[in-house]
Amino acid sequence: MIVKTYFENLPAEVEEAAKVDGCGDIQTLFRIVLPLSAPIMATIGLFYGVTHWNEYFKGIFYISDKTLMPMQVVLRSMIQAPNVSSELSINSLALDALPPETIKMAVVVVATLPLLIIYPFLQKYFVKGALLGSVKG
């Protein structure tokens, strides 16, 4: 719905000007409409990326090999485990000296780091695309 609303709000005059200049439908799409729709494409791409990154159910449902589990499934099992060192398969004195909550929260930060790195680059598109695609005016 957001993409549909965004495309409906594109000015018709821009497409008419492209037709007057001799652009066909395909040329208008690739030279006019798609460059103008970069904010909505970045917004939808960010929504899709976050959804795919946080996918949990498919990993539990379809994968039985523990070494192939997605990160979110491993993260959940690590957070619910009483002994973190058994989940990590590491026997270290330094690991045993740390409180288990410290290690769990460090893993949560590492799991969110890729999204935190990508978001600032897409933020300007995200705000613009979400506002233009969702507000009819």
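Read-outs throughout are calculated quantities, based only on the coordinates presented, and are distinct from any laboratory measurement. Here the structure is a predicted model, which is why all the values come from computation and not from measurement. Note that each Cβ is placed from the backbone with ideal geometry, even for glycine, and that neighbours are counted across all protein chains shown.
What's the extension gain from residue 26 to residue 14 if we count 0.36 nm per residue and subtract their Cα-Cα distance? Before the final figure, lay out the partial values.
On the way: separation 12, 0.36 × 12 = 4.32 nm, distance 1.45 nm.
Full-extension gain reported as 2.9 nm.
Any chance you could run the full-extension gain for residue 48 through residue 115? It's 0.36 nm times the residue separation minus the Cα-Cα distance, nm to one decimal. The partial results should precede the final answer.
Working: separation 67, 0.36 × 67 = 24.12 nm, distance 1.19 nm.
Taking 0.36 nm per residue and subtracting the Cα distance, the gain is 22.9 nm.
If the chain between residue 56 and residue 4 were fully stretched, how many nm would it gain, using 0.36 nm times the residue separation less the Cα-Cα distance? Show your work: numbers first, answer last.
Values: separation 52, 0.36 × 52 = 18.72 nm, distance 2.87 nm.
Between residue 56 and residue 4, full extension yields an extra 15.8 nm.
What list of ³J(HN,Hα) couplings, whole Hz, do you get for region 24-32 from phi and the Karplus terms 6.51, -1.76, 1.60, once you set θ to phi - 60° and write x for glycine and proline?
Taking θ as phi minus 60°, the curve returns x, 5, 5, 5, 5, 4, 7, 9, 10 Hz for region 24-32.
Hey, with R₀ at 30 Å, roughly what FRET efficiency would residue 97 and residue 71 work out to, going by the Cβ-Cβ distance, to 0.05? Numbers along the way, then the final one.
Working: r = 26 Å, r/R0 = 0.85.
Given R0 = 30 Å and the Cβ-Cβ separation, E is 0.70.
Would you mind classifying region 1-78 by shape? Square roots of the alpha carbon gyration tensor eigenvalues, ordered a ≥ b ≥ c; an a/c under 1.5 is rounded, otherwise it is prolate if a/b is larger than b/c and oblate if not.
Working: a/c = 5.03, a/b = 3.63, b/c = 1.38.
The shape class here is prolate.
Using per-residue counts of other Cβ atoms within 10 Å, averaged over each peptide, order 72-78, 45-51 from highest down.
Packing proxy ranking, top to bottom: 72-78, 45-51.
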